[in-house]
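Structure, as structure tokens:
The values are calculated or read from the model by the stated rules, or taken from the named source; none is laboratory data. Remember, it's a predicted structure, so these values are computed and weren't measured experimentally. Note: ideal-geometry Cβ built from the backbone for every residue, glycine included; neighbour counts use all protein chains shown. What goes into the accessible areas is simple: the full protein's heavy atoms, side chains included, and nothing from ligands, DNA or RNA. Shrake-Rupley method; radii C 1.70, N 1.55, O 1.52, S 1.80 Å.
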Amino acid sequence: MAGSSALLCNINKQIAIFYPTITYQRHSWCVIRRICMSVSRCQSQAQTKRKSAPQDLVSVVGLEIHAQIHSNTKLFSGSQVGFQAPPNSLVSFFDASLPGTLPVLNRRCVEAAVMTGLALNCTINRKSLFDRKHYFYADLPAGYQITQQRLPIAVDGTLTYSHLGGRNRNTVVTKSVMIKQIQLEQDSGKSLHDDYRSQTLIDLNRAGVGLMELVMEPDMSCGEEAAAAVREMQLILQALGTCQGNMAEGQLRVDANVSVHRPGDPWGIRTEVKNINSARNLARAIDYEIQRQMFVLESGGTVQNETRSFDGKTGHTIPMRDKEGLQDYRFMPEPNLPPLMVYEACSTAPPGVAPSQVVVLEEVRERLPELPSVRRQRLVETYGILPEHSFTLVNEDGLMDYFETVVRETKAGPRKVIGWVMNELQGLLHQQNLSLSQSPISPQALAQILNLQENGQISSSIAKQVFQELWKTPGKTAQQIVKEQDLGMVNDSTEIHRICQKVVDSHPDQVQAIRSGNKKVLNKLMGLVQKETKGRADPVLVRAVLEQKTS
């Protein structure tokens, strides 16, 4: 037993840490892919696994994403929605399930689900139904959750996502995953466990908050793919405004369904890893669970159909309970809610119904914003930047707007701007663990630096020096720093001739090498001149003078 535990710990240490992921649907499994993961990084990781791992096993991963709808009030009551409000301060009689209370559907939540479905190329059901899903938790006072099991609001969509692959992680790999359905449902409350007093307290602030459950088909095979799909979904939801997508605050939670089997055999028994709250942990949890199941099967054991949780500190998944089946939930139609109707146009809505009570597809389509995939394509076509750069600009919150602002306000070309944004700006942000919103250098300030360089007032090396100074003293302007520290370009022809002559006279061997045909040595003399001028000499003028003096 001790040997098995040690081996499992060793397996866990070898599991790679990737980008974001999400969960998968409960009953339909489809696409099969090898554990070598079709991505070079996954392949190289898989080859380093313990030798006992069966290389012919394949893994199947599916996701279920629970996205909290961005709405002021809850799905079926007028209670406000707020994070970190005092416990039980945002609870209506209906949320507490007092007798005689009835649900009233929130139109905003319906519109959010419809808009999300349209963005994911789903078919929007003109008629959908609500059901009761029974289970007994202390934080679910009614003893059931109102959801959409039989006929959800949207079905049969597609999520196209991309991630960086290849040996150098600079190749954009694009894949897609099918969306089985999007359903509206209530969130539960929250159980607060007090180990000191050996008691559990219940906070119902979250009870009844509107959720969209996005059920993905099992079209993925590793943690990296799942994390990339979740991150893309997060970006889409944020662009739509239907979910703020803050995983740290529980606005986006993922359940991952994982199974392994040999090609040609029936699909293996799956486990569900619940409530993963970051893309990084999603990838870690999935990849660990794949290796754990492989070890169990190779050891002659049987994978249990169970629900597990993920411990981010140890990197292990931990058993929670046996997996519930359909019979455990005892689904039944919700008797207090009529069918939910969605109309193609205002003209198709029933007469006499107030427009504020009708959801119209035509109107929702008109409000669809530019989606992340369209943004990336537009960036590449408009500015001529590399696809991997567009990937970074769109994925980093606010970075695309920063880049486009700099481009608009500077004479420098987009490719030069992207170099500054990706290298200088992001380099310092990552080094100091800051977000873009915390950057001391605004896009206008960076544009000023680039304009000084483009106008020939400062050199490229001085521009980077000014950038560093602005980072330390954001209250100043680039022009002030250049003037105070005398960093302006030296364009005086007489002075440049004097310094070049001095360098030529003091390095006769290099001059002779140049005259003998080794023109590369000229770069060394140029460096010496720039050292004398502290990088402020016009490089074009310096090269011309040195070529004249060494010819």
Exercise. With respect to Ser437, determine if the residue is open to solvent by 30 Å² or more (accessible area, probe 1.4 Å), outside the structural domain of Asn170 (by the TED database) and under 26 Å from Met526 (Cα atoms).
Key: no
Practice problem: Take Glu381 and decide whether it is in a helix (DSSP H, G or I), without any contact (Cβ under 8 Å) to a residue 12 or more places away in the chain and not β-branched (Val, Ile, Thr). | Solution: yes
Self-check item: Number of positions in region 133-144 that are touching a residue at least 40 places away in the same chain (Cβ under 8 Å), touching a helix residue (DSSP H, G or I) at 6+ places or on another chain (Cβ under 9 Å) and either open to solvent by less than 20 Å² (accessible area, probe 1.4 Å) or in a strand (DSSP E or B) (or both)
Solution: 2
Quiz prompt | Residue that is least open to solvent (accessible area, probe 1.4 Å), among those in region 340-369 that are touching a residue at least 60 places away in the same chain (Cβ under 8 Å) and farther than 24 Å from Arg150 by Cα | solution = Val364
Quiz prompt | Those residues of region 463-498 which are open to solvent by less than 60 Å² (accessible area, probe 1.4 Å) and either charged (D, E, K, R) or touching a Lys or Arg at 6+ places or on another chain (Cβ under 6 Å) (or both), in sequence order | solution = Glu469, Met489, Val490
Practice problem: Give the residues of region 314-369 that are closer than 15 Å to Val110 by Cα, touching a Phe, Trp or Tyr at 6+ places or on another chain (Cβ under 6 Å) and modelled with pLDDT of 95 or more, sorted by residue number. | Solution: Leu337
Quiz prompt | Selection count where residues are among the hydroxyl-bearing types (Ser, Thr, Tyr), surrounded by 17 or more Cβ atoms within 10 Å (Cβ to Cβ) and under 28 Å from Val155 (Cα atoms), scope region 77-128 | solution = 3
Exercise. Scan region 239-250 for residues that are in contact (Cβ under 8 Å) with a residue 12 or more places away in the chain and either not in a loop (DSSP other than H, G, I, E, B) or not small (Gly, Ala, Ser) (or both) and jot them down.
Key: Ala239, Leu240, Thr242, Cys243, Gln244, Met247, Ala248, Glu249
Quiz item: Among the residues of region 145-168, how many are touching a residue at least 40 places away in the same chain (Cβ under 8 Å), open to solvent by 20 Å² or more (accessible area, probe 1.4 Å) and within 21 Å of Asn106 (Cα to Cα)?
Solution: 2
Quiz item: Among the candidates Phe310, Phe295, which residue alone is assigned to a strand (DSSP E or B), open to solvent by less than 80 Å² (accessible area, probe 1.4 Å), assigned by the TED database to the domain that holds Ala119 and not hydroxyl-bearing (Ser, Thr, Tyr)?
Solution: Phe310
Quiz item: Which members of region 58-101 meet the condition of being in contact (Cβ under 8 Å) with a residue 12 or more places away in the chain and either outside the structural domain of Lys190 (by the TED database) or not in a loop (DSSP other than H, G, I, E, B) (or both)?
Solution: Val58, Ser59, Val60, Val61, Gly62, Leu63, Glu64, Ile65, His66, Ala67, Gln68, Thr73
Exercise. Please determine, by comparing only the residues of region 243-270 that are surrounded by fewer than 24 Cβ atoms within 10 Å (Cβ to Cβ) and touching a Lys or Arg at 6+ places or on another chain (Cβ under 6 Å), which one is farthest from Leu75 (Cα to Cα).
Key: Ser259
Quiz item: Which number in (1) in contact with a Cys (Cβ under 7 Å, 6 or more places away or on another chain); (2) within 24 Å of Ser59 (Cβ to Cβ); (3) not in a loop (DSSP other than H, G, I, E, B); (4) not hydrophobic (A, V, I, L, M, F, W, C) marks the one condition that Pro218 misses?
Solution: (3)
Practice problem: Evaluate region 196-214: report whether one residue or more is among the hydrophobic types (A, V, I, L, M, F, W, C) and under 19 Å from the mean Cα position of the chain (by Cα). | Solution: yes
Exercise. Name, by its number, the condition in (1) of a type in the set (Gly, Ala, Ser); (2) free of Cβ contacts under 8 Å to residues at least 40 places away in the same chain; (3) assigned by the TED database to the domain that holds Ala412 that does not hold for Ser461.
Key: (2)
Practice problem: Please determine, by comparing only the residues of region 512-551 that are within 18 Å of Gln457 (Cα to Cα) and of a type in the set (Lys, Arg), which one is least open to solvent (accessible area, probe 1.4 Å). | Solution: Arg536
Quiz item: Within region 221-238, which residues are not small (Gly, Ala, Ser) and not in a helix (DSSP H, G or I)?
Solution: Cys222
Practice problem: Report yes if some residue within region 206-224 is more than 30 Å from Leu98 (Cα to Cα), open to solvent by less than 10 Å² (accessible area, probe 1.4 Å) and in contact with a His (Cβ under 7 Å, 6 or more places away or on another chain); otherwise report no. | Solution: yes
Quiz item: Within region 169-201, can you find the residues that are hydrophobic (A, V, I, L, M, F, W, C) and either buried (at least 18 other Cβ atoms within 10 Å of the Cβ) or at pLDDT 95 or above (or both)?
Solution: Val177, Met178, Ile179, Ile182, Leu184
Quiz prompt | Test: residue in region 258-278 that is assigned by the TED database to the domain that holds His163 and in a helix (DSSP H, G or I) | solution = no
